[in-house]
Amino acid sequence: MRYRLPAGERLPAKPQTGSLSRSISSLTICGVSVRGISLSDQRGLCLADWPAARGVCLALHYSPPPSHPLTDQKKSKLLGEYDLAIVGGGIVGLATAVQMLAARPDTRLVVIEAESQVGRHQSGHNSGVLHSGIYYKPGSLKAVLCRSGKAMMETFCAENGVKTDRCGKVIVATSAKELESLDRIQQRGEANGVECHRIHSDELRQREPAAAGIAAIHVPETGIVDYREVCLAMRRVIERTGNQVLTDSRVDRIVADNSAVDIGLGDRSVRTSWMINCAGLHSDRVLRLAGGTPSAKIVPFRGEYYDLVPSSYSLCRNLIYPVPDPAFPFLGVHFTRMIGGGVECGPNAVLAFARDGYRWRDIRPADLADTLMFGGFRRLATKHWRMGVGEMWRSARKAAFVAALQKLIPSIRESDLKPGRSGVRAQAVSPDGALIDDFVVDQTLRAIHVLNAPSPAATASLAIGQYVVDKLVLSIAQ
């Protein structure tokens, strides 16, 4: 491209060619090649600096930068520019937003949620328990963040009008072979600072008359809450500060460079300085969209519940849990009094055929193929196929489900139960087939990813949010 300018005239800083001023690779003046020219809005190039110039021809050699795949207005509508975008409007994403705004109130922030309302998946399909942290390995992220997160959650609920109840729970050993595991749970609880104590069978019956066991641990500080109400309260806190929660906005493209992250939402997009991925069941896919390689894949497991019929509510006063199998990160079928009334029984754990597969007939071929083709899942299934078959049998036959519940409450009958809801758990599985038990947080360019956040993530959500915000602030400082 050539411009003919008289001596002393300044080359315009913004030629009509748009981004030309940022993309010049070389400049030729009077046959002399000048490289490394940078033109800005404030400064052009003055030909008076060249004495030999008497009306000269400038040859500018440049390669126009490619249009940005997301912010090209012909392709997507830019909804806004932010300091931080959080992908995922479940309780972990919302809690992270709350903690970011507490740390830096002037942050321009947006939470992006694919569904029409926040907390539609794991956050709204769980037992609603405020976990104490008794089960978790001392020093693990789960243990540390559950303990601090429970206190944060109780304070948040008190300040925002969300009802909680410290009703306590019992963990019941029903046979002598479970006593060693019960001892180990108590040791972990004491190491984690949990208020807990061993009780004998007579005290167990005083607390839960219908429960049967030879020993138990009483955990008086365990509580219950409705996490859907917590999510709505968190949304109110975010929007009260003038920040946004975008619903019905599914992320399908992410492009990051050294200055910003562009997030595609179909025919719309947002631009942000930083991104946090709290996408739960889709966290590994969002990480891949951001250019990362997940250390594990999310495999969806459905948990199915029955509800006690009203005439049978007396079978369970508060929370009754079994001694869990240490080989699995699932707590086993249990009884939970709900904050809104009623008692839930369950859940089991069966493979879901879709990442939002709440029923057997909910099948997404792409999701199912993604699971079955993953070597880690095949190794897991080969190792634990007996347990998998047993869980499927309990799912298919109510009598088998009742038999599992009768270990804790022998008097329960099929007539005491009616079908309840179900939830889908995002379980990270490693390539070698291991079920990843602890929280996992990863990073890519200008993004932090909560890759694995199983139970007690709801209890720990505010502490997880604080942990992620601390990582983000450190990344910004660097």
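Quick one: would you say Ala260 is in contact with a Leu (Cβ under 9 Å, 6 or more places away or on another chain) and assigned by TED's automatic domain parsing to the domain that holds Gly89? Explain how you work it out, then say what you get.
Details: in contact with a Leu (Cβ under 9 Å, 6 or more places away or on another chain): no; assigned by TED's automatic domain parsing to the domain that holds Gly89: yes.
No; evaluated as a whole, the condition is false for this residue.
Confirm whether Val473 is among the aliphatic types (A, V, I, L, M), in the same structural domain as Ala102 (by TED's automatic domain parsing), surrounded by fewer than 16 Cβ atoms within 10 Å (Cβ to Cβ) and modelled with pLDDT of 95 or more.
On the way: among the aliphatic types (A, V, I, L, M): yes; in the same structural domain as Ala102 (by TED's automatic domain parsing): yes; surrounded by fewer than 16 Cβ atoms within 10 Å (Cβ to Cβ): yes; modelled with pLDDT of 95 or more: yes.
In short, yes.
State which residue pairs qualify: first residue over 12 Å from Leu351 (Cβ atoms) and inside the stretch 377-389, second residue loosely packed, with under 13 Cβ neighbours inside 10 Å and modelled with pLDDT of 90 or more in any location, beta carbons under 7 Å apart, and separation of 6 or more residues or different chains.
Arg379/Asp432
Step by step: first the residues of the stretch 337-363, then only those that are in contact with a strand residue (DSSP E or B) (Cβ under 8 Å, 6 or more places away or on another chain) and of a type in the set (Val, Ile, Thr), then the one that is surrounded by the most Cβ atoms within 10 Å (Cβ to Cβ). Which residue is that? Give the steps one after another, and end with the answer.
To start, the set of residues in the stretch 337-363 that are in contact with a strand residue (DSSP E or B) (Cβ under 8 Å, 6 or more places away or on another chain) comprises 337-339, 342-352, 354-359.
Restricting the remaining residues to those that are of a type in the set (Val, Ile, Thr) gives 339, 343, 350.
Values: Ile339: 20, Val343: 25, Val350: 22.
Residue satisfying both the conditions and the ranking: Val343.
Would you call Ser132 over 24 Å from the mean Cα position of the chain (by Cα) and either of a type in the set (S, T, N, Q) or buried (at least 23 other Cβ atoms within 10 Å of the Cβ) (or both)?
Considered against the rule, which asks whether it is over 24 Å from the mean Cα position of the chain (by Cα) and either of a type in the set (S, T, N, Q) or buried (at least 23 other Cβ atoms within 10 Å of the Cβ) (or both), Ser132 comes out as no.
Quick check, is Gly346 among the small types (Gly, Ala, Ser) and under 30 Å from Leu462 (Cβ atoms)? Break it down into steps so the answer makes sense when it comes.
Values: among the small types (Gly, Ala, Ser): yes; under 30 Å from Leu462 (Cβ atoms): yes.
Spelling it out, Gly346 is indeed among the small types (Gly, Ala, Ser) and under 30 Å from Leu462 (Cβ atoms).
Only residues in the stretch 421-449 that are at positive phi count as the first member; pair them with residues that are assigned to a strand (DSSP E or B) and modelled with pLDDT of 95 or more, Cβ under 7 angstrom, at least 6 apart or cross-chain, and list the lot.
Close Cβ pairs satisfying both conditions: Arg446/Ala256; Arg446/Val261; Arg446/Trp274; Arg446/Met275.
Of the residues in the stretch 228-242, how many are under 15 Å from Asn126 (Cβ atoms) and of a type in the set (Val, Ile, Thr)?
Within the stretch 228-242, the subset under 15 Å from Asn126 (Cβ atoms) is 228-231.
After this cut, where a residue has to be of a type in the set (Val, Ile, Thr) as well, the list is 230.
Looking only at that region, the number is 1.
Would you be able to tell me the number of residues in the stretch 241-257 that are surrounded by fewer than 18 Cβ atoms within 10 Å (Cβ to Cβ), touching a residue at least 60 places away in the same chain (Cβ under 8 Å), of a type outside the set (Lys, Arg) and more than 16 Å from Glu113 (Cβ to Cβ)?
Final tally of qualifying residues: 2.
Every residue in the stretch 426-447 that is surrounded by 21 or more Cβ atoms within 10 Å (Cβ to Cβ) and within 11 Å of the chain's Cα centre (by Cα), please.
Ala426, Phe439
The values are calculated or read from the model by the stated rules, or taken from the named source; none is laboratory data. Computed from a prediction, not measured in an experiment: that's the story for all the values here. Reconstructed Cβ throughout: ideal geometry from the backbone, glycine too, with neighbour counts over all protein chains shown.
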